[in-house]
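Student: Shown below is the structure under consideration.
What follows is calculated from the coordinates using simple rules that are stated; it is not laboratory data. Remember, predicted model here, so these are calculated numbers, not experimental data. Glycine gets a Cβ as well: all are built from the backbone with ideal geometry, and neighbour counts include every protein chain shown.
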Amino acid sequence: MSVFSRLKTPTLALIMVTVWSPGLLAEQSDPSVCPTSDGSWSERALERSLSTQLGLPTVPHPVDNPPTAEKITLGRKLFFDRRMSINGTMSCAMCHVPEQGFANWELQTSVGVEGRSVKRNAPTIINTGFLDVLFHDGRDMSLETQFIMPLISRNEMANPSVGRVVAYLQGQPEYQPLFDAAFGAPPSLDRMGKALGAYQRTLTTGGSAFDRWYYGGDKTALSDSQTRGFELFQVKADCASCHVISDQSALFTDQEFHNTGYGWQREQIRQNPSPTTRVQVAPNVFHEIDRAVVASVSAPPQADLGRYEVTEDPDDRWMFRTPALRNVAMTPPYMHDGALPDLRSVIEFYNQGGPDHVFKDPRIRPLDLKGQEIDDLEAFLQALTSPGLDCLAAEARINAPDNF
Ligand code: HEC
Ligand code: HEC
């Protein structure tokens, strides 16, 4: 049973997803067991963001933004409101699609209003409330301020200023009671950030097969192959030195920046382009097209220097934040530019040891993993999918069409 069967109203997201459904929902929960009774969805979401789930730490709520059901209700409305973009077409949820693990399966790199491309892949918003550094280059530290960037980026929601969005909200009668209930005050930039922060910190899922096995003591939760994959992840392949697993909980990231060689390799390809280029014309439909034809109608591909773009320290070139790996099987494609289509390709990148690049982290080296070991490592990554994703997506869509 997939989440789509439960949607009451067909949506653009639904139509797009069914073109390429990668069959990733196998681990998903049965919608009939999603919590529905006992109060409103926002009260349940509040409870979740205050509880500690198996394998996860406690959600770190900022002292000046304690969560309430009212802030969460408002935050979700803002997250889904397309009118927050310059031309009323684009909401946060269109790049962070609930049914696609709050990421986007269809696009390597995001596309904003009027078809303008973003140079990076949209990460999942699930469990993002645990992170101290946001974006692939760590250029923001808080969900209370992060949202300003997509609102005003020309290739995302393209507002000419954030003041324009605040003024829009102040002029909308439907928002007055929501801000009043949440803050006892009218819309402001600060209050938008607090509401969006409170909402996004409810999007938490632990309790994966790995969590049940490692933290819950259920020896049957992982298959033999997944158990071997865990060993490889910890020891031979040394993945866990960056994608950290701690004693009490695991985010699968050290929240540090590393040069895996991947960003440098992509830059070499950008500087030495092949005569043709692969163009995606629909989800999972590609054509090889003469590069000159593409260049005549589009902006040239942008360089991506990763962490350097935040610090301007030459040593930080091509460093990217270690991504968290929870639910990673649910959020293809991979890496900061989404150019690796599946987990297999990521493992192959690591197994080959990345490109020959002088500033590469020494842990990225040929791993000599054999066929079965590659299967095992992939099986382990599949074990990081939480059972609650389907329910999170359903909750996000409650009260359609208000939040589509
Ligand atoms: C056009 C697509 C698009 C839209 C619209 C969009 N995002 Fe994003 N989002 C992205 C991309 C791409 C990134 C990564 C950008 C980067 O690292 O430079 C991102 C990153 C994030 C992150 C950081 C996640 C992490 O792991 O570090 C958060 C949180 C987030 N977005 C929330 C929002 C919110 C809230 C909105 C609406 C106000 C929004 N996004 C609108 C594409 C989008
Ligand atoms: C030196 C630290 C380091 C080590 C060791 C490491 N990784 Fe990574 N990993 C990263 C960084 C940094 C990225 C992001 C690279 C980028 O986007 O350009 C990443 C990206 C990934 C991604 C893509 C996630 C996504 O959402 O796009 C996966 C999957 C992954 N690593 C799995 C592994 C596995 C499996 C191993 C062991 C074979 C491993 N990593 C070893 C730092 C590391």
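Student: Counting helices only, and only those DSSP H runs with n ≥ 4, report the 222 nm mean residue ellipticity of the chain as the sum of -39,500 (n - 2.57) divided by its residues, in deg cm²/dmol to the nearest 500.
Tutor: -9500 deg cm²/dmol
Student: Turning to a different aspect of this structure: For the chain, modelled as a Gaussian network with Cα springs under 10 Å, which listed residue fluctuates most, MET90, MET192, MET141?
Tutor: MET141
Student: Using Cα springs under 10 Å in a Gaussian network model of the chain, which residue among GLY129, GLY353, GLY184 shows the largest mean-square fluctuation?
Tutor: GLY184
Student: Expressed in nm to one decimal, what extension gain is obtained for the pair ASP190 and VAL279 from 0.36 nm per residue of sequence separation less their Cα-Cα distance?
Tutor: That works out to 28.0 nm of additional length.
Student: What lysines does LYS370 reach when the alpha-carbon gap must be under 30 Å and sequence neighbours fewer than 8 apart in one chain are set aside?
Tutor: Those lysines meeting the cut-off are LYS219, LYS236, LYS360.
Student: Mind checking the full-extension length gain between ILE148 and GLU309? Use 0.36 nm per residue of separation minus the Cα-Cα distance, one decimal, nm.
Tutor: My answer for the length gained is 56.2 nm.
Student: Among HIS96, LEU107, THR124, whose Cα lies farthest out toward the positive end of the dipole of the range 46-164, if unit charges sit on the beta carbon of Lys, Arg (+1) and Asp, Glu (-1)?
Tutor: LEU107
Student: Still on this structure: Counting only residues 5 or more places away or on other chains, whose amide H sits under 5 Å from the amide H of ARG120 once H atoms are built in the peptide plane?
Tutor: Sorted by chain and number, the residues that satisfy this are SER110.
Student: Let me ask you something else. How high is the relative contact order of the range 74-144, in percent, counting Cα pairs under 8 Å that sit 6 or more residues apart?
Tutor: 19
Student: Still on this structure: Return an integer: the convex hull volume of the alpha-carbon atoms of the chain, in Å³ per residue.
Tutor: 150
Student: Below 8 Å between Cα atoms, with a sequence gap of 6+, how large is the relative contact order for the chain in percent?
Tutor: Rounded, it is 23 percent for the chain.
Student: ARG363: net charge of surrounding residues, Cβ under 13 Å, Lys/Arg +1, Asp/Glu -1, itself excluded?
Tutor: Charge balance near ARG363 sits at -1.
Student: Towards the positive end of the charge dipole of the chain, with charges on Cβ (+1 Lys, Arg; -1 Asp, Glu), say which of ALA181, SER241, ILE269 has the farthest Cα.
Tutor: ALA181
Student: Here is a follow-up. What residues of the range 76-118 lie in the reach of a label at ALA299, counting those whose backbone N is under 13 Å from a point 7 Å from the Cα along Cα→Cβ?
Tutor: What the label zone holds, given the 13 Å backbone N cut-off, is 110-118.
Student: Could you give the nm distance between label points at ILE269 and LYS219, where each point is 7 Å from its Cα heading toward the beta carbon?
Tutor: The two pseudo-label positions are separated by 4.5 nm.
Student: Okay, moving on. Between VAL244, VAL165, VAL310, find the one with the highest GNM mean-square fluctuation for the chain; connect C-alpha pairs within less than 10 Å.
Tutor: Largest GNM mean-square fluctuation: VAL310.
Student: If I stretch the segment between THR52 and ASP254 completely, what's the gain in nm (0.36 nm per residue apart, minus their alpha carbon distance), one decimal?
Tutor: Length gained, THR52 through ASP254: 70.7 nm.
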